[in-house]
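Here the structure is laid out as structure tokens; the discussion comes afterwards.
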Amino acid sequence: MPMLSACNSDTDFLTEKPETIYTPENAYETVDQVKACVTNLYVHIRYWYDVDQFLKGLGSDVADTPNWRASGNGVCNFSNWSTSSNQSNKIFESMYQLVNYANQSLEGVNQPSLSWASEDERLECYGEMMFMRGYGYLRLGEMFGGVPLVTKFYQELKLDFERSSRSETYNQAISDLKEAAENLPDYPSEAGRVGKGAAYHFLSEAYLALAIENDNNASDLDMAISYADKVMALHPVMTECFGSRAIPGGGKAVNGVEAYREDGNVFFDLFQRGNQDYQDGNTEALWVFQHNYNIYHEYGGNKSESPRNWSPVLRDAFWKDEYKENGENCPWNGADTELYPGGNICAYVGGRGISANAPTNYVINEVWHGDFSDDMRNAPCNIHRDFVVIDKNHSMYGQVVTKDMLDPTRIDRYYPVWEKWASWDDYNYDDLSEGWQRSAYFIDQYACRSAETVLLRAEAKLRKGDKGGAADDVNILRNRAQCSYKAQASDMTMQFILDERVRELFFEEQRWPTLLRIGKEGIESINKHAMYIADQSEAWPGCFTSTLPGISKWTLFPIPQTIIDTNTGAVIEQNPGW
């Protein structure tokens, strides 16, 4: 028998060698397969910055579902939360998926048979894998406390995982991020990838988190400051106008809009097309998700729908009866489309918003009260607060609408538009030629920039008792923003730093990890500012009353009950308060 004669033994032909089942030995036969795994890591984590908005702070002190959509039952109705709640459970699962993908990728990058173009290329991929695993454990530690530590890829079912302590989880993140920093290039090798700056940034955050867990341990705080210093040495904050819209008469018009914005400033420039990446001359950029329209068309993937999800629905905010004219209910219907292309979904009103999410009064008003109003970040080019009547047939055409002119029962459709999520001219909308209606945004999005690192360092100095040093760091950003009021040592509290994070980082930072990492003061800020817990009447007078109770029993998200129930070989304890 020719077939059997080819076998080395009488039983060799019985050994299964299916070509369609992948194992670590046959799954990585080319370098491109390993690189594809690295790409998958970026794709996976990008979801939590661009698509799912929960980690940005929905239900916390900064944002929630607006009343007209939630009827007072927003995300911050914590009595509805449980150990099977989707909000927290899918984060737990997703961060472990990231860890698992990293562990699986490490199997490939260490295959000795692969021929890399250079050892630097292999080490960069290795650094990215370690970065993602470290990032995953940092987020798990911040939001869930101590979790099982998985540092290898399991091919068999394992049901006896044991929880580590929160400190051990942070130490795992630190170990991984250090390994990443050692192997990543100083700067991203191409837009969208991470370099040492991003690794140093999260090392600073991880050491800060560890210090808090260890009663503000001084040596951990020193390490947080040291790694923040490393970030700033590589990535100083931008202090002058720059980029695509900063040069009088320069740049290329888009959608009939000239590039130059006379009222722009350096903060405005940080969020304009073509300005986000280090490769664009933005030294502040640490890690940036790519939303280039051409890339989206060529490769697909998620698009940012921030105008749709975050912009107000001014077309449904109505006049009080005494201001209605010509049978028209709304100041923003009946527009002159020559001046306001798109009419009631023009860029001027935030695009085609559906207001799935809205900022709280804390973000809209409180952090800007008094001395804090004079701030570049609060300038009209960055927060569009005043909207004129665009109904060309109304006697008030071109005049600013004030809240007392609007029907209070519908005024929750009305709030400011942040330039970060929706440009108020058509310059940043790439999709209009294809008939899209200003609901998607193809501007690259920051995962982190060094302005946040400055505030991590300020927090570490505050916790060390160096209030003067903390104020100096805060003033790096306040000086850049040309604020008339500069932070004083006597101002330095955790709430002040949380307020400054709102002024600088609202819509960028992942607010939930920040608040839960901080602990008591973070929970207090939620209870003082959340949309249906704290008074919102300054933003929406006469519209609704906030009556929900605050958080009193927990400081961490729950471990998903399914994880506890299916881990039959060992006990995983639930977090306190759940």
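The values are calculated or read from the model by the stated rules, or taken from the named source; none is laboratory data. Keep in mind that what you see is a predicted model, and the values were worked out from it rather than measured. Every residue, glycine among them, receives a Cβ derived from its backbone with ideal geometry; neighbour counts consider all protein chains shown. Remember, those area values only see protein heavy atoms, side chains included, never the ligands or the DNA or RNA. Shrake-Rupley method; radii C 1.70, N 1.55, O 1.52, S 1.80 Å.
Couple of notes before you dig in:
- Under the condition of being farther than 21 Å from G522 by Cβ and touching a residue at least 12 places away in the same chain (Cβ under 8 Å), the residues counted in region 137-157 number 7.
Each row is one residue, and each column tells you yes or no for (1) in contact (Cβ under 8 Å) with a residue 40 or more places away in the chain; (2) on the phi < 0 side of the Ramachandran plot.
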position: D426; (1), (2): yes, yes
position: D430; (1), (2): yes, yes
position: A451; (1), (2): yes, yes
position: G465; (1), (2): no, no
position: R480; (1), (2): yes, yes
position: D491; (1), (2): no, yes
position: R503; (1), (2): yes, yes
position: E509; (1), (2): yes, yes
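- Only one of the listed residues (E258, E213) is acidic (D, E) and over 18 Å from A460 (Cα atoms). That residue is E258.
- Within region 204-215, considering residues that are open to solvent by 20 Å² or more (accessible area, probe 1.4 Å) and in contact with a Gly (Cβ under 9 Å, 6 or more places away or on another chain), the one farthest from I518 (Cα to Cα): E213
- Within region 292-326, the set of residues being without any contact (Cβ under 8 Å) to a residue 12 or more places away in the chain and open to solvent by less than 60 Å² (accessible area, probe 1.4 Å) comprises G300 only.
- Residue selected from region 102-125 under the condition open to solvent by 40 Å² or more (accessible area, probe 1.4 Å) and assigned to a helix (DSSP H, G or I), by the criterion nearest to H44 (Cα to Cα): Q104
- Residue match in region 161-174 (condition: farther than 20 Å from G141 by Cβ and either in contact with a helix residue (DSSP H, G or I) (Cβ under 6 Å, 6 or more places away or on another chain) or free of Cβ contacts under 8 Å to residues at least 60 places away in the same chain (or both)): no
- Enumeration of residues in region 160-201 that are hydrophobic (A, V, I, L, M, F, W, C) and open to solvent by 30 Å² or more (accessible area, probe 1.4 Å): F161, A191
- Breaking point among (1) over 30 Å from N217 (Cα atoms); (2) crowded, with 24+ Cβ neighbours inside 10 Å, for Y427: (2)
- Of the residues V99, V147, the single one that is assigned to a loop (DSSP other than H, G, I, E, B) and open to solvent by less than 20 Å² (accessible area, probe 1.4 Å) is V147.
- Residue within region 175-182 that is of a type outside the set (V, I, T) and under 21 Å from D444 (Cα atoms) present: no
- Test: residue in region 370-381 that is touching a residue at least 24 places away in the same chain (Cβ under 8 Å), open to solvent by 10 Å² or more (accessible area, probe 1.4 Å) and in contact with a Pro (Cβ under 7 Å, 6 or more places away or on another chain): no
- Residues in region 327-345 include none that are hydroxyl-bearing (S, T, Y) and surrounded by 23 or more Cβ atoms within 10 Å (Cβ to Cβ).
- Within region 252-291, the set of residues being open to solvent by 60 Å² or more (accessible area, probe 1.4 Å), touching a helix residue (DSSP H, G or I) at 6+ places or on another chain (Cβ under 9 Å) and part of a loop (DSSP other than H, G, I, E, B) comprises N255, G256, E258.
- Of the residues making up region 388-402, none is open to solvent by 10 Å² or more (accessible area, probe 1.4 Å) and assigned to a helix (DSSP H, G or I).
- Considering T514, T493, the condition of being more than 13 Å from F372 (Cβ to Cβ), open to solvent by 40 Å² or more (accessible area, probe 1.4 Å) and of a type in the set (V, I, T) is satisfied by T493 alone.
- Counting the residues of region 548-578 that are under 29 Å from A534 (Cβ atoms) and charged (D, E, K, R) gives 1.
- Restricting E93, E107 to residues that are under 28 Å from L556 (Cβ atoms), in contact (Cβ under 8 Å) with a residue 12 or more places away in the chain and not β-branched (V, I, T) narrows the list to E93.
- The requirement of being over 22 Å from F78 (Cβ atoms) and either of a type in the set (A, V, I, L, M, F, W, C) or free of Cβ contacts under 8 Å to residues at least 40 places away in the same chain (or both) is satisfied by D473.
- Verdict on A471 being small (G, A, S), modelled with pLDDT of 95 or more and not in a loop (DSSP other than H, G, I, E, B): yes
- Output for region 77-89, where each listed residue is at pLDDT below 95 and open to solvent by 60 Å² or more (accessible area, probe 1.4 Å): N86
Here is a yes/no grid of residues against (1) within 30 Å of Y187 (Cβ to Cβ); (2) modelled with pLDDT of 95 or more; (3) among the polar types (S, T, N, Q):
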{"position": "Q276", "(1), (2), (3)": "yes, yes, yes"}
{"position": "Y293", "(1), (2), (3)": "yes, no, no"}
{"position": "K303", "(1), (2), (3)": "yes, no, no"}
{"position": "D321", "(1), (2), (3)": "no, yes, no"}
{"position": "K324", "(1), (2), (3)": "no, yes, no"}
{"position": "C330", "(1), (2), (3)": "no, yes, no"}
{"position": "P341", "(1), (2), (3)": "no, yes, no"}
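- Exclusive hit being closer than 16 Å to W368 by Cβ and surrounded by 15 or more Cβ atoms within 10 Å (Cβ to Cβ), set A539, A471, A534, A530: A539
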